[in-house]
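Worksheet for the structure shown next.
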Amino acid sequence: MPEYVDFGIETDPNALALMAYERLQDLVPGWLPSAANFESLLIEANALMAAELRDLAGSIPMAIFKTFGENLLNLPPQEASSASGTTTWTVIDDAGYTIPAGTLVGLRAAGDELVVFEVLTDTVIPPGSTTTAAGEVTIVAVDPGLAGSGLSGAVELVDTLDFVTGITVVGVTSGGEDAESEDQYLNRLREELQLLTPRPILPQDFAVLVKRIPGIDRATALDGYNPGDQSFNNERMVTVAVADTNGEAVSAPIKAEADTYLQGMREVNFIVHVVDPSYNTIDVTFAATCYPDFDPDEVAAAVVDALTAWLSPANWGIPPYGDPELWINEDTVRYLEVAEVINGVDGVRYITSLTIGLDGDPQVSADVPLSGPAPLTRAGDIAGSVVIP
């Protein structure tokens, strides 16, 4: 994978001072640096100023690329965005109430952290009703970032509304994105420059271009695939499957924006479709042994965690190199790769039995094909035991 050139400019003032001392010793035989010597103090002061200038010079190459991308290619870094979700509210009676815009609520994230959201617009519950329509109340995370995405379950009131008895999220929250780091931006700029033209030519060009749309982090192109009749080998046709950073389907407005964008970029008489991934739930049953110094129950729990992470839609299809947003269209859960994940868990000695299968189907000790043209996996029933032989 190409990398940006590091010019290796020395910016440590102590190292610069040492270089000056060595040079002065070469020019003046017998001279030794001393903290009491004026020339030593002068060298150290100059080394500090030189280090600051060299540090600035070392950062210029990255800044040049960033300025080039923003000003000449109209490719600005992606700013952080706030997650949103739809909720259903229940009240104490049918007297009629208004849920004010700006009302603060919270959802629990990992580690029991409370992520605060606010109600987007005023919502009226008319007399005679004790609940809003399903998903009627939109909430938006107060702080932008990825932490607000992927949350579900019961919603907690932060502000006091005495008439509210319960709030639930419809589905999960989505759309939250962290601000793009410098490295992420430069990798995206590299992909953009590889196109040489802002027009898609090869199928994968469509997948690269569609990631310009905020909220789309992963994309894969299906050459010749028609989602209408699920046929392949159709001439002048490409279908792009898109997902967010968690591997989840993007919202309908984001997908519509992506479709409009690609339609405007495609060649005349070229047909483009934008679709969601297909999701396959995978069950795994295993039995293994561990080394004597390990707790079997802890090792078994670690195996479950490792398989759950490996089968997460956020991780499926990501190769062990390069850009983490790259999506290789893997259409099979391979039996030996599942075994490799288990064997990679600290403490596992060897596997005694292993079966895998699609959700609810009979499990087998063989590869499991996935359904759908752009499949992603989810962890289903992951169960097993570990013993000390």
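All of the numbers you see were taken from the coordinates with simple rules; none came from a lab. No experiment lies behind these values; they were computed from the predicted model shown. In this analysis, Cβ positions are derived from the backbone assuming ideal geometry, glycine residues included, and neighbour counts consider all displayed protein chains.
Laid out as a table, the results:
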| quantity | calculated |
| --- | --- |
| Residue 97 long-range amide H proximity, modeled H, under 5 Å | 125 |
| Inter-probe distance in nm under a simple model that places probes 7 Å from Cα toward Cβ, at residue 38 and residue 98 | 8.0 |
| HN-Hα J in Hz across segment 232-241 - Karplus 6.51, -1.76, 1.60, θ = phi - 60°, x for Gly and Pro | 10, 6, 8, 5, 6, 9, 9, 10, 10, 8 |
| 222 nm mean residue ellipticity, helices alone, for the chain (DSSP H n ≥ 4; -39,500 (n - 2.57); rounded to 500) | -9000 deg cm²/dmol |
| Distant-in-sequence amide H partners of residue 75 (H built 1.01 Å from N, under 5 Å) | 70 |
| Residue of 17, 314, 101 that the Gaussian network model of the chain assigns the largest fluctuation, springs spanning Cα pairs under 10 Å | 17 |
| Shape of segment 84-174, Cα gyration tensor, a/c cut at 1.5 | prolate |
| Net lengthening on full extension, residue 268/residue 131 (0.36 nm per residue, minus Cα-Cα) | 44.3 nm |
| Which of 67, 220 has the fewest Cβ neighbours within 10 Å, and the rest in rising order | 67, 220 |
| Antiparallel DSSP beta bridges within the chain, percent to nearest 5 | 75 |
| R0 of 45 Å, Cβ-Cβ distance residue 231-residue 157: FRET efficiency to nearest 0.05 | 0.30 |
| Efficiency of FRET from Cβ geometry, residue 260 and residue 121, R₀ 25 Å, rounded to 0.05 | 0.50 |
| For the chain, built as a Gaussian network whose Cα springs stay under 10 Å, the top-fluctuating residue of 139, 351, 342 | 351 |
| Range in the chain, longest, excluding exposed trypsin sites (Lys or Arg not before Pro) [loop by DSSP; at most 13 other beta-carbon atoms within 10 Å] | 1-235 |
| GNM flexibility winner over the chain from 184, 194, 204 (Cα, springs under 10 Å) | 194 |
| Amide proton proximity set for residue 273, modelled H, under 5 Å, gap of 5+ | 238, 239, 240 |
| In sequence order, calculated HN-Hα J values of segment 382-389 (Karplus, 6.51, -1.76, 1.60; Hz; x Gly/Pro) | 9, 9, x, 9, 10, 10, 9, x |
